[in-house]
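Asker: Dropping a structure here in structure tokens format, bear with me for questions.
The values are calculated or read from the model by the stated rules, or taken from the named source; none is laboratory data. The structure displayed is predicted, hence computed values, not measured ones. Cβ placement follows ideal geometry from the backbone for every residue including glycine, while neighbour counts extend to all protein chains displayed.
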């Protein structure tokens, strides 16, 4: 009996029964948003043709811990971190302290650094050329599911790229509208 248990453990790893991307948000929720984002998000320099898929880098982007909490040992001469919830971008009034902590807990719960599920209208693989390639972080959802934060970027060549952290608000069953771009950049 012990031998069978050990054999089953190696044939069916424990991690295959859990969530892939986050221990707090179901993969189905993450993938539903990503499918919506790929279909409806910005489309720069590539033509939208039904036969072509959006090129997605397999490795996920990462949020930074400093996006959620200001370091205690920051001197006035150091670069200020890109805090998501601050007075300047007014997210400190949109979200309660408990909600801000929930986003941080989701950030800590992200498990996988590679997109391993199929996403509609996307082609996920390691590309020879980084041109016209999208990069996405695992999205973070508010506790009530009304808001989602996602870090994303697009590279289209030298002096041709954009990115930032995007906050979307849910409207309807599986539709979202852009609420705010945080720390957006373009070159």
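Asker: Scan segment 102-118 for residues that are farther than 15 Å from residue 84 by Cα, surrounded by fewer than 19 Cβ atoms within 10 Å (Cβ to Cβ) and touching a residue at least 40 places away in the same chain (Cβ under 8 Å) and jot them down.
Answerer: Residues satisfying the conditions are 109, 111, 112, 113, 114, 116, 117.
Asker: What is the residue count in segment 91-115 for residues that are assigned to a loop (DSSP other than H, G, I, E, B) and either modelled with pLDDT under 85 or under 22 Å from residue 163 (Cβ atoms) (or both)?
Answerer: Counting residues in segment 91-115 that are assigned to a loop (DSSP other than H, G, I, E, B) and either modelled with pLDDT under 85 or under 22 Å from residue 163 (Cβ atoms) (or both) gives 3.
Asker: Could you give me the residue pairs with C-beta distances under 9 Å whose first residue belongs to segment 26-46 and is on the phi > 0 side of the Ramachandran plot and part of a loop (DSSP other than H, G, I, E, B), whose second residue is surrounded by 15 or more Cβ atoms within 10 Å (Cβ to Cβ) and modelled with pLDDT of 85 or more wherever it lies, and which are 6+ apart or on separate chains?
Answerer: 45/154
Asker: Return the only residue of 165, 171, 181, 150 being modelled with pLDDT of 85 or more and over 17 Å from the mean Cα position of the chain (by Cα).
Answerer: Going through 165, 171, 181, 150 in turn, the sole match is 171.
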